[in-house]
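Chemist: To start, I am sharing the structure in question, which I have written as structure tokens.
The values are calculated or read from the model by the stated rules, or taken from the named source; none is laboratory data. Small disclaimer: the values here were computed from a predicted structure and weren't measured. Here the Cβ is made from the backbone with ideal geometry for all residues, glycine too, and neighbour counts use every protein chain on show.
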Amino acid sequence: MVTEGEPTDLAKVLHLLVLSFSWGMQVWVSFIAGVVLRRRVTLHTFGLVQSKLFPVYFHCLLGSNFVILALYAVYHPRELLDWHQSVQMSLYFVAVITAGLNAQWFGPSTTEVMVQLREVEEEHGLGNQIGQGSQKDAYAKLKQQDPKYRALKGTFGRYHGLSALCNLTGFICTTTNLVYTALNLATI
């Protein structure tokens, strides 16, 4: 049964609120909180905070992106989508997938490797300074001398990079949808 129904005012408001919440959360966690925190706490404290914050962030993002996609899909049946609505639906779907990858795989894997890195760094008296600047040479020396640490740094870099790529992709999808929604408020 394919029908194009008009969304209720409640559905429109919920759609906008959840979309705005998702976008604001992404801006804050991705671009503001990390930069501010990294400059004010030790490297290991920063990692610990992220290990506690990111699972909540990724799951909230996954949930909000799912709600947005579900609300949009209810009022825009696939058979009746025009080209622009198909692109918007695809962007909502990609945002759900990238948040899911971070929540279920990249986030936990990055944290697991970060904990192992922290243990090696603590054995060598590293990680208790704010930022890496003051002991950059010590980190480089450790990486050069310890094959386990070097391997962990490589694994951490891959997982962290993939997580950041998923996060950025989801942010671009959410931003594009927010802009499109703002320009077409009558078609929510």
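Chemist: Against the definition (closer than 17 Å to residue 161 by Cα, touching a Gly at 6+ places or on another chain (Cβ under 6 Å) and buried (at least 16 other Cβ atoms within 10 Å of the Cβ)), how does residue 103 come out, yes or no? I'd like the intermediate steps shown before the answer.
Modeler: On the way: closer than 17 Å to residue 161 by Cα: yes; touching a Gly at 6+ places or on another chain (Cβ under 6 Å): no; buried (at least 16 other Cβ atoms within 10 Å of the Cβ): yes.
Judged against the criteria, residue 103 is not a match.
Chemist: Of all residues in the stretch 1-25, which are of a type in the set (A, V, I, L, M, F, W, C), modelled with pLDDT under 95, surrounded by fewer than 15 Cβ atoms within 10 Å (Cβ to Cβ) and out of contact with any Asp or Glu (no Cβ under 9 Å at 6 or more places or on another chain)?
Modeler: 1, 10, 13
Chemist: Okay, next question. Among the residues of the stretch 44-53, are any at pLDDT below 90, over 16 Å from residue 171 (Cβ atoms) and out of contact with any Ser or Thr (no Cβ under 8 Å at 6 or more places or on another chain)?
Modeler: Restricting attention to the stretch 44-53, the residues satisfying the condition of being at pLDDT below 90 are none.
No.
Chemist: For the stretch 26-49, enumerate the residues that are in contact (Cβ under 8 Å) with a residue 24 or more places away in the chain and either in contact with a Phe, Trp or Tyr (Cβ under 7 Å, 6 or more places away or on another chain) or surrounded by 17 or more Cβ atoms within 10 Å (Cβ to Cβ) (or both).
Modeler: 26, 29, 30, 38, 43, 44, 47
Let's see how each residue does on (1) among the aliphatic types (A, V, I, L, M); (2) over 14 Å from the mean Cα position of the chain (by Cα):
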site: 27; (1), (2): yes, no
site: 35; (1), (2): yes, yes
site: 46; (1), (2): no, yes
site: 49; (1), (2): yes, yes
site: 53; (1), (2): yes, no
site: 59; (1), (2): no, no
site: 71; (1), (2): yes, yes
site: 89; (1), (2): yes, yes
site: 106; (1), (2): no, no
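Chemist: Being of a type outside the set (Phe, Trp, Tyr), farther than 17 Å from residue 172 by Cα, free of Cβ contacts under 8 Å to residues at least 24 places away in the same chain and out of contact with any strand residue (DSSP E or B) (no Cβ under 8 Å at 6 or more places or on another chain) is the requirement here; does residue 125 meet it?
Modeler: Details: of a type outside the set (Phe, Trp, Tyr): yes; farther than 17 Å from residue 172 by Cα: yes; free of Cβ contacts under 8 Å to residues at least 24 places away in the same chain: yes; out of contact with any strand residue (DSSP E or B) (no Cβ under 8 Å at 6 or more places or on another chain): yes.
Yes; evaluated as a whole, the condition is true for this residue.
Chemist: In addition: What residue, of 90, 20, is free of Cβ contacts under 8 Å to residues at least 12 places away in the same chain and among the hydroxyl-bearing types (Ser, Thr, Tyr)?
Modeler: Result: 90 is the single residue among 90, 20 that is free of Cβ contacts under 8 Å to residues at least 12 places away in the same chain and among the hydroxyl-bearing types (Ser, Thr, Tyr).
Chemist: Moving on. Can you name every residue in the stretch 135-175 that is among the polar types (S, T, N, Q) and under 16 Å from the mean Cα position of the chain (by Cα)?
Modeler: Residues satisfying the conditions are 163, 167, 169, 174, 175.
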